[in-house]
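Have a look at the structure below before the remarks.
The values are calculated or read from the model by the stated rules, or taken from the named source; none is laboratory data. The model shown is predicted, which means the values in this text are computed figures rather than measured ones. Note that we place each Cβ from the backbone using ideal geometry, even for glycine, and neighbour counts take in every protein chain shown. We work out accessible area using only protein heavy atoms, side chains counted, and drop any ligands, DNA or RNA first. Shrake-Rupley method; radii C 1.70, N 1.55, O 1.52, S 1.80 Å.
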Amino acid sequence: MTLKMSILLKCLLPQKSLIRNFIHRKGKGDAGKYEKIFAPGQVSKERTVPDRIPKPPYYYKKMPPGNTIGTPEIKNVDQIQGMRRSGQLAANILQECRALAVIGKSTNEIDARAHELIIEANAYPSPLRYAGFPKSICTSVNNVACHGIPDDRQLIDGDIINIDVTVYLNGYHGDCSETFLVGDVDEHGRYLVEATRTCLDMCISLCGPDVSFNKIGKFIQQYCEETKLESIVDFIGHGIGSYFHGPPEIYHYHNNIGGKMRPGMTFTIEPILTLGESDIALLEDGWTAISLDGARSAQFEHTILITEAGAEVLTKVHE
């Protein structure tokens, strides 16, 4: 282990026994105590969006996901201000959802509250109808890597849940997610969540003008080797703006794909790290991605803006 990474882990997990348990384990796998998700629950009907709310084009007709291949957009001052507003709203909604990530609350109830708050802000819940997605946010519990559909399953003691919120406000999308602890989570789960949070923070710290996009993936690969975690490589970060998904593509693993960050670019970084292997499968709903080995994963996501001086987190909550 490098000295820099050793110092990082001591800051991340001050309890030395926790560090020892994970960085010296010989194989991948999740020996923690948690309930695995094997099938979707009961999904409620689509929530209504008032006529007064401006809607993206995919609300009116089913469209494929956005194209993430091509030249990243350089946003002007007005576009950047629009992105700041949508990002701030997404961050605030996500923090409201945090209070609902408690024992006995269903993910459908979290979705209902998020939908209500987004509509109250005169915004649109971006996931709704995007490529056919049926709900207003994504909720991914335990061994669900991402894109979990909110349903009637109630959260139980020991769960970890990722809540992914994207809003469409005044023509711009803002996208962020966080993984929350429910009740008394075992040490494996706590380690996973904190390590993933730190991974995203360190990725953001790498960003700035003329930095290669692939620096993010190269760092994540090294980080996972040091922390004995695995990156789920099937899912990427993406450009964002008046479109939900666009260029550039941000890979969360070692790669040599070209392209550099320029001031005015906005994109997400959203690593998904797991205690097990990176292989995933989709449930029959066509969205819910679960780990093949049943191991838990955690995800954190921010929308960032490249500036002349570095990077600005657009989805950070302002105190």
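What residue among K61, K45, K215 shows peak mean-square fluctuation when the chain is described by a Gaussian network model with Cα springs under 10 Å?
For the chain, modelled as a Gaussian network with Cα springs under 10 Å, the answer is K45.
Where the accessible area of the chain is counted over protein heavy atoms with a 1.4 Å probe, how much of it, in %, is carbon and sulfur? Spell out each step's value before the answer.
Values: 7090 of 13770 Å².
About 51 percent, which is the carbon plus sulfur part of the accessible surface.
Could you work out which residue, out of T196, T71, T227, moves most in a Gaussian network model of the chain, that is, has the largest mean-square fluctuation with Cα springs under 10 Å?
Taking springs between Cα atoms under 10 Å, the residue moving most is T71.
I'd like the distance separating the alpha-carbon centroids of the stretch 242-273 and the stretch 163-222, in whole Å.
13 Å
With equal scatterers on the alpha carbons only and no solvent term, can you work out the Debye log10 of I(q)/I(0) for the stretch 39-136 at 0.13, 0.25 1/Å?
One equal scatterer on each Cα of the stretch 39-136 leads to -0.58, -1.41.
Hey, any idea what the orientation-averaged projected area of the convex hull of the stretch 170-244's Cα atoms comes to, in nm²?
About 7.0 nm², averaged over all directions.
Taking H placed 1.01 Å from N in the peptide plane, check which residues at least 5 places from F180 or on another chain put their amide H under 5 Å from its amide H.
Amide H neighbours of F180, under 5 Å, 5+ apart: I161, N162, I163.
Using the scaling law 2.2 N^0.38 Å as the reference, what is the normalised Cα Rg of the stretch 198-300?
Normalised Cα radius of gyration, the stretch 198-300: 1.10.
Report the extension gain between K260 and A309 in nm, rounded to one decimal, defined as 0.36 nm multiplied by the number of residues separating them, less their alpha carbon distance.
Extra length available between K260 and A309 comes to 16.1 nm.
With the chain treated as a Gaussian network of Cα nodes joined by springs under 10 Å, which of M261, M83, M202 yields the largest mean-square fluctuation?
M202
Where a ≥ b ≥ c are the square roots of the eigenvalues of the C-alpha gyration tensor, would you call the stretch 63-105 rounded, which needs a/c under 1.5, or, failing that, prolate if a/b is larger than b/c, or oblate?
oblate
Sort the following peptides by mean Cβ neighbour count (other Cβ atoms within 10 Å, averaged over residues), highest first: 234-241, 203-210, 72-79, 219-226. Present the calculation step by step, with values, prior to reporting the outcome.
Values: 234-241: 21.6, 203-210: 16.5, 72-79: 14.8, 219-226: 18.2.
Ranking, from highest mean packing down: 234-241, 219-226, 203-210, 72-79.
Between V102 and Q222, what is the FRET efficiency for a Förster distance of 35 Å, r being their Cβ-Cβ separation, to the nearest 0.05?
0.45
Expressed in nm to one decimal, what extension gain is obtained for the pair E194 and E109 from 0.36 nm per residue of sequence separation less their Cα-Cα distance?
Computed gain between E194 and E109 is 28.0 nm.
What nm distance separates the two modelled labels at N76 and D201, each placed 7 Å from Cα along Cα→Cβ?
3.8 nm
State log₁₀ I(q)/I(0) for the stretch 250-290 at q = 0.35 Å⁻¹ as given by the Debye formula over alpha-carbon point scatterers of equal weight, solvent excluded.
The Cα Debye sum returns log10 ratios of -1.23.
Hey, what's the chain come to in accessible area per residue, 1.4 Å probe, Å²?
Dividing the accessible area of the chain by its residue count gives 43 Å².
With a 1.4 Å probe and all protein chains in place, put S136, S212 in order of accessible area, largest first. Walk me through the numbers before you get to the answer.
Working: S136 0, S212 40 Å².
So the residues, ranked largest to smallest area, are S212, S136.
In vacuo Debye scattering of the stretch 106-148, one point per C-alpha: log10 I(q)/I(0) at q = 0.22, 0.27, 0.30, 0.32 Å⁻¹?
-0.74, -0.98, -1.08, -1.13
For the stretch 206-217, what does the Karplus curve 6.51 cos²θ - 1.76 cosθ + 1.60, with θ = phi - 60°, yield as ³J(HN,Hα) per residue in whole Hz, taken in order and with x for Gly and Pro?
Ordered by residue, 3J(HN,Hα) equals 7, 7, x, x, 6, 7, 5, 4, 6, 5, 5, x Hz.
Assuming a ≥ b ≥ c are the square roots of the Cα gyration tensor eigenvalues, decide whether the stretch 78-134 counts as rounded (a/c under 1.5), prolate (otherwise, with a/b larger than b/c) or oblate. Mind dumping the intermediate values first?
Working: a/c = 2.56, a/b = 1.52, b/c = 1.69.
It is oblate, given that a/c is not under 1.5 and a/b is not larger than b/c.
Around V49, which amide H atoms from residues at least 5 apart in sequence, or from another chain, sit under 5 Å from its own amide H, with H modelled in the peptide plane?
Residues meeting the amide H criterion: none.
Between I280 and residues 5 or more places away or on another chain, which pairs have amide H atoms under 5 Å apart, with H built 1.01 Å from N, and which residues are they?
Correct list: L292.
Using a Förster distance of 35 Å, how high is the FRET efficiency between Y59 and A281, based on the Cβ-Cβ distance and rounded to 0.05?
On the way: r = 29 Å, r/R0 = 0.84.
FRET efficiency, Y59 to A281: 0.75.
Quickly estimate the mean residue ellipticity at 222 nm for the chain, helices only: each DSSP H run with n ≥ 4 gives -39500 (n - 2.57), and the total goes over all residues, rounded to 500.
It lands at -9000 deg cm²/dmol.
How are the Cα pair distances of the chain distributed, in percent, across 10 Å bins from 0?
Percent of Cα pairs in each bin: 6, 28, 36, 24, 6, 0.
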